[in-house]
Every structure is written in structure tokens, then in C-alpha cells.
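One structure is given below, encoded as C-alpha cells.
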Amino acid sequence: MENQNQTNQPDITSGKNIAIIAYITLIGLIIAFVMNNDKKDAFASFHIRQSLGLMVAGLALSVLNVVPFLGWIIAVFGSLFLLVLWVIGLMNAINGKETPVPVLGEYFAKWFASVQ
């Protein structure tokens, strides 16, 4: 029984490491995607999709930031909101939870379902 737990632990750690790397900048997301390409770890794939969604939402806010006044206000508050979601996603990855980020996480899971 102990031997079985020891073999499962590196698999969990590997998936957690990839998931954590996915939240660290765009370069980290790319590295996590490449690392997970061979293993196809479900936990890592879930967090790669969540991180990708947060990156795309940040890009959308950057585009919205071009609009004077109202766009700036929305971009500032949206960026703060995305920062909170990013911290929640990162903490979920660190704690080994496969929980979507609030509000947008379910959409990210649907939109990026093909991302493995």
C-alpha cells in the first residue's frame, strides 16, 4: 500500500508543478503547455486552460484600455479583478484543487476545452 502512494505522489507533484508554472507570465504558460504536451496530465491541463483564459481576458482589457475615460476605468477595475482571479487560480494550483476561478472559470473551461 505504501509503495502505491509513493508512485502516485510524483505524478501529482508533476501535475502541480506544471499547473503552477502556467500561472507565471505568458512564458510560463507556454512552458507549461509544452511540458504537458507529452504527459497530458488532466490537473495541469485544467489550470493551463484557466491561465490561458485569464491571459486572454487581460489582452481584451488591454484593447479596451484604448477607449478614453470609460475604457480606462473599466480596464483599471477589470485588471484588479483579474489580479484577484489570478491569485485564486494560483492558490488552487498550489493547493492541488481543480476549482475554476470565480465568475469566468466555467467559461474558460468551455471555451478552451480543446487545449490539452
Summarise the accessible area of the chain (1.4 Å probe, protein heavy atoms) by the percent that is carbon and sulfur.
70 percent
Principal-axis tilt of helix 70-94 within the chain, Cα atoms, nearest 10 degrees
10 degrees
Residue-wise HN-Hα coupling along segment 108-113, computed from phi with Karplus coefficients 6.51, -1.76, 1.60 (Hz; x: Gly, Pro):
4, 4, 6, 5, 10, 4
Roughly what would the spin-label model give for ILE74 and ILE30, points 7 Å off Cα along C-beta, in nm?
2.9 nm
With a 1.4 Å probe and every protein chain left in place, tell me how much accessible area PHE112 has, in Å² to the nearest 10.
40 Å²
Grab the DSSP H runs of the chain that are 4 residues or longer, score each as -39,500 (n - 2.57), total them, divide by all residues and round the 222 nm result to the nearest 500 deg cm²/dmol.
-26500 deg cm²/dmol
Using a 1.4 angstrom probe, figure out how much accessible area the chain has per residue, in square angstrom, rounded to the nearest whole.
63 Å²
Give me the Å³ per residue figure for the convex hull around the C-alpha atoms of the chain.
97 Å³
Expressed as a rounded percentage, what relative contact order does the chain have, with Cα pairs under 8 Å and six or more residues apart?
28 percent
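The values are calculated or read from the model by the stated rules, or taken from the named source; none is laboratory data. Computed from a predicted structure; not experimentally measured. Cβ atoms come from the backbone with ideal geometry, glycine included; neighbour counts cover every protein chain shown. Ligands, DNA and RNA are excluded from the accessible area calculation, which covers all protein heavy atoms including side chains. Shrake-Rupley method; radii C 1.70, N 1.55, O 1.52, S 1.80 Å.
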